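Asks: I have a structure I would like to understand better, so I am pasting it below and will then ask my questions one at a time.
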Amino acid sequence: MRIFPLLAVPLLASTAAPAQGPAMHVSGWARATVPGQTGSAAYLTIHNGERSGDRLVAVTTPAAAKASVHVTTTAGGVVRMRSAGAVPVGAGQMVEMKPGGLHVMLTGLESPLRVGEQLPLTLRFARVGTVRLAVPIRLQASDAGHHQH
């Protein structure tokens, strides 16, 4: 599956600003790949403006065979990555995914993630349901700029 170019899909491009559910605000970015690379990561900032806590229970994208939330840990000089399961987002709280920590792992990419394009994501929360957005594809964290809330 081809990643959607910014200009070719104006509807998705308009969702590059933070996506909103009932009071769930999400923004982020995805790491660019090189041809032949079949995995990458997306990093999100999720702010729960609800009066009740919620949980991020699933992430999907048409650009990859699988998308799941992982956490990277380092213990004794050994770096490990494992599934994070459902991610709690407390009432009025924010969860920030970033390199070296919590992230959306993308495996089985259909095509390279190219700088300047958008990656469509669908997030499913236990309470508020589905939030759809498209995040910009960038080279690295320093290219990500400031988070939008």
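Asks: So between Ser68 and Leu139, what do we pick up on full extension, going 0.36 nm a residue minus the alpha carbon distance?
Replies: 23.5 nm
Asks: Using only alpha carbon pairs under 8 Å that are at least six residues apart, calculate the relative contact order of the stretch 10-139 and give it in whole percent.
Replies: Relative contact order, the stretch 10-139: 36 percent.
Asks: Right, next: Within the stretch 43-149, list the GluC sites (Glu not before Pro) lying in a DSSP loop whose Cβ has at most 15 other Cβ atoms in a 10 Å radius.
Replies: Glu110
Asks: In the stretch 106-131, which residues have a backbone nitrogen under 12 Å from the label point lying 7 Å from Ser52's Cα in the Cα-to-Cβ direction?
Replies: Zone members listed by number: 126-129.
Every number here is computed from the coordinates shown, using simple stated rules; none is lab data. Note that the structure is predicted; figures quoted are calculated from it, not measured. Virtual Cβ from ideal backbone geometry, glycine too; neighbours counted across all protein chains shown.
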